[in-house]
């Protein structure tokens with residue numbers, strides 16, 4: 001599974017104009033099949049990591065919320 005860091009690094013490299021497939025793989029540390037997966041399923045990964053961020057924010061809010069006896 002591709003990590004969020006790897007996905008963001010690929011996005012940044014593509015945004016910066018790096019189009020060399022081998023160079024992207026070497027900089028990010030991906031196999032060719034992982035990079036192919038990112039490129040083919042780009043929208044999926046955007047939505048997946050957005051959902052993961054929302055879940056993490058919800059967990060943080062639950063942890064910050066005081067219990068009824070702590071008011």
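Since every read-out is calculated from the coordinates, none of them should be taken as a lab result. This is a predicted model, so every value here is computed, not measured.
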Residue among 25, 40, 59 with the largest mean-square fluctuation in a Gaussian network model of the chain, springs linking Cα atoms under 10 Å:
59
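Give me the orientation-averaged projected area of the Cα convex hull of the stretch 4-64, in nm², one decimal.
4.7
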Of 14, 30, 61, the most mobile residue in a GNM of the chain (C-alpha springs, cutoff 10 Å) is 61
Can you tell which of 46, 55, 38 shows the greatest fluctuation in a Gaussian network model of the chain with Cα springs below 10 Å?
55
